[in-house]
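Working notes for the structure below.
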Amino acid sequence: MLNQENAVLDAARDGAQTNPGRNTRDTLVSFEGVQKTYDGENLVVKNLNLEIQRGEFLTLLGPSGSGKTTCLMMLAGFEFPTGGTIKLDGQLLNKVPPHKRNIGMVFQNYALFPHMTVGQNVAYPLQVRKMASHERTEKVKKALDMVQMNAFADRYPAQLSGGQQQRIALARALVFDPKLVLMDEPLGALDKQLREHMQLELKALHQRLGITFVYVTHDQSEALTMSDRVAVFDQGIIQQLAVVEHLYEYPENQFVASFIGDNNRFVGTLESVSGKLAGVRLPDGSLLTGTNVNARTGQAAVACIRPERIVLGTLDAGAPNALKARVSGLIYFGDHVRVRCTLAGQDDCFIKLTLGDPALIGLAEGSLVALDLQPERLRIFA
């Protein structure tokens, strides 16, 4: 691991400085047909095709073993692809060692040298590039200013909090003006409150600098908070790549719908299709209309909807696309109430209601309610 960390710190002596302007049509990194296997039989990454735009914040999101970290390691140069090509600014990277890629990296454990001060840690990548002392001093100050840590230049890592160490690791990754900064779950060791604070700081820093960030995490809320686009990985394949709003509102398959945010599922059989809409017949005889994503008539189908998209009403309201349910619990979350409901032949359903929602008036455990499911919010998958 230390060799990998040193390799990153020794990144490209002759790399060009990135253009701080953002152009979403300008490809900086491209993966073309990339595959990776460690044992010669099982592919960890399967035929990956991905373009990363200059200046964007792209997050690789997925569960453990999905292939996201392997992709990051191949881009960093710590792993080489079994097949396909990886290019940075048009340069083929397949066999280029890490120290010649002009890429900064922030590790989960920060990898700061304990015997060096903050200033010395940040200056190290410049020192190995044989940069003159006065230039190093100026660049270190600038990098520490970026992360608001100039007052800590003479301290040692052990004297810093986790959040402060994270900032120093980021300053060290930025100090030599890399074309690209890679981050491997850098907030994973922080507590919840500090992690959320650092998410906002990272996003603000990215917007200010315009450098391309590629971020790996398994935390969906982290991905949605910071990213311009998110690539959702599972079983070595990108299941969906989209801007965060589209990813959340329009998942392309069941995995994405379940992995990104909370989700309710109603299982039945696809009975009819009319344009973009389809009807799903549930085991109790109920018919739901929703937006058809990939199901065909006669197939087993799953209708999915977000908890905050369900309208809770009364049985006599006559909603055309509604299910009868019984309230089995009310859970207070501070900014909203989560209502748990039981339905015939289905998993329990959860609805999120804001504290001022009129539907909460008189609502109690045991109440019979109608779950109004708007067809444009209900997505149907095979």
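Things to note:
- In nm, spacing of pseudo-spin labels at Ile237 and Tyr332 (7 Å Cα→C-beta vector): 4.6 nm
- DSSP-assigned coil residues among GluC sites (Glu not before Pro) in the range 30-90, each with at most 10 further Cβ atoms within 10 Å: Glu41
- Phe113-Ile361 FRET efficiency (beta carbon distance; Förster radius 35 Å; 0.05 resolution): 0.05
- Rounded if a/c under 1.5, otherwise prolate or oblate - the range 140-217, Cα gyration tensor axes: oblate
- Span per principal axis, largest first, for the Cα atoms of the range 78-207 (Å): 44, 40, 29
- Within the chain: Cβ-based charge dipole about Cα centre, in debye rounded to nearest 20 (Lys, Arg +1; Asp, Glu -1): 800 debye
- For Phe255, the solvent-accessible surface computed with a 1.4 Å probe is close to 60 Å², ligands and nucleic acids excluded.
- A 1.4 Å probe over all protein chains sorts Tyr248, Tyr156, Tyr110 by accessible area into Tyr156, Tyr248, Tyr110, starting with the largest.
- For the range 258-307 and the range 87-130, distance of Cα centres in Å: 49 Å
- MRE, 222 nm, helices only [DSSP H, n ≥ 4, -39500 (n - 2.57), over the chain, to nearest 500]: -7000 deg cm²/dmol
- Antiparallel content of DSSP bridges confined to the chain, in %, to 5: 75 percent
- Each 20 Å bin from 0 upward holds the following percent of the Cα-Cα pairs of the chain: 25, 46, 25, 4.
- Debye, to nearest 20: dipole size of the range 200-287, +1 on Lys, Arg Cβ, -1 on Asp, Glu Cβ: 180 debye
- Peptides ranked, highest mean first, by Cβ atoms within 10 Å: ranges 167-173, 65-71: 167-173, 65-71
- Proximal aspartates and glutamates relative to Lys100, as straight alpha-carbon distance under 19 Å, when same-chain residues fewer than 8 apart are discounted: Glu5, Asp10, Asp14, Glu79, Asp89, Asp177
- Between the range 209-237 and the range 133-191, the Cα center-to-center distance that results, in Å: 21 Å
- Stretching Gln148 away from Arg208 to a fully extended chain increases their span by 20.3 nm, per 0.36 nm per residue minus the current alpha-carbon distance.
The values are calculated or read from the model by the stated rules, or taken from the named source; none is laboratory data. Note that the structure is predicted; figures quoted are calculated from it, not measured. No Cβ is skipped: glycine too gets one built from the backbone with ideal geometry, and neighbour counts run over all protein chains shown. The protein model used for the area step is the full one, side chains on, heavy atoms only, and it has no ligands, DNA or RNA in it. Shrake-Rupley method; radii C 1.70, N 1.55, O 1.52, S 1.80 Å.
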